[in-house]
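A short reminder: the numbers here are calculations on the coordinates, not readings from a lab. Not measured: the values here are computed from a predicted model. Methodologically, a virtual Cβ is constructed for each residue, glycine included, from the backbone with ideal geometry; neighbour enumeration extends over all protein chains shown.
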Amino acid sequence: MSLRTVLILFLAVGVLAALGMFWNQHAIERVMRDGYGTTGNIISAKVVSPRFPFVFDGGWPRYVDENLSIGLQWTGRDGVQRERTGIAVSAAYAARIMVGNQLKLLTIPIQAVDDDSSLPVIVEDLDDHLSHIRSTSRFMAAGAGVCAVLMMLVIGWQAWSARRGGPGSATIAAGARRPFPYILGTLTAVMLPFGGYMLVNSYIEQSTLNEILAHGDEATADVTRAYGEVNKAGEAPSYLVTLAWIDKSGRQQAYGPTHISFGKIVWS
């Protein structure tokens, strides 16, 4: 497989994922705009595999943008009982409806449209879900952009090499040139920018932390929200909290969600 083919595959995955996110966001906004409020019953839940984040609801594949999806049942305005599965929920909402591996069969407020193509929207999870969709869309779009730039560079380099070689290059023995390591080149092209980004991001975070510790003001913050992420069986628990406090000027500040270690948690 050539380097150009690998980059095309990565580009296609990034573009399709970004389009799936955009479509999900558009569908949610349409239901919130044109739908009506009612209540629905949670009837099932399924952990979504990151290797194949799709569900086949009604025979058509649909991209699921979260780690957990649920099934809902409700009665529409037309009196027809409806049921849909593969409804993505955020990590915060998943923590509310899951206790270990057990699902709470709750009745929840939803926004719905009486057709077979629209998923109901969980009102209590709207803000968190849309925030996740937007952030993931930006990440996928950025990844697709990097692959597009790399692919243009590869195409330009190959075209330049072909012109430089000239018509007499065909007489060169095939064994005189060492084959280009396409897989290694692809991994290098992908991992170097990613590693650079992680290095710069880590340096910025450490510099910010040191600046806060050296010159920041001490304050007492309230934990306004705390929830655990839904992990696979056997994985260590992971928790997120949101903090709020009053600064020296009297303004309300908030930060989060941010990870905290399991050993620092005291439940009351």
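Tabulated data for the structure shown
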{"read-out": "Average Cα contact separation per residue, the range 3-132, under 8 Å, 6 or more apart, as relative contact order %", "value": "27 percent"}
{"read-out": "For residue 45, residues with placed amide H under 5 Å, excluding near neighbours", "value": "71"}
{"read-out": "Inter-label distance for residue 23 and residue 43, nm, one decimal - labels placed 7 Å from Cα along Cα-to-Cβ", "value": "2.4 nm"}
{"read-out": "Charge-dipole axis of the range 3-132 as Lys and Arg at +1 and Asp and Glu at -1 on Cβ define it, positive-most pick from 112, 48, 81", "value": "48"}
{"read-out": "Förster radius 25 Å - calculated FRET efficiency between residue 207 and residue 253, Cβ distance, rounded to 0.05", "value": "0.80"}
{"read-out": "Under 5 Å, built H, 5+ apart or other chain: amide partners of residue 114", "value": "none"}
{"read-out": "Footprinting exposure proxy for 28, 260, 87 (fewest neighbouring C-beta atoms within 10 Å first)", "value": "260, 28, 87"}
{"read-out": "The range 3-132 - convex hull of alpha carbons, volume per residue in Å³", "value": "112 Å³"}
{"read-out": "Cβ-based exposure ranking for 122, 212, in which fewest neighbours within 10 Å come first", "value": "212, 122"}
{"read-out": "Amide H within-cut-off set for residue 64, under 5 Å, with H built and near neighbours excluded", "value": "54, 55"}
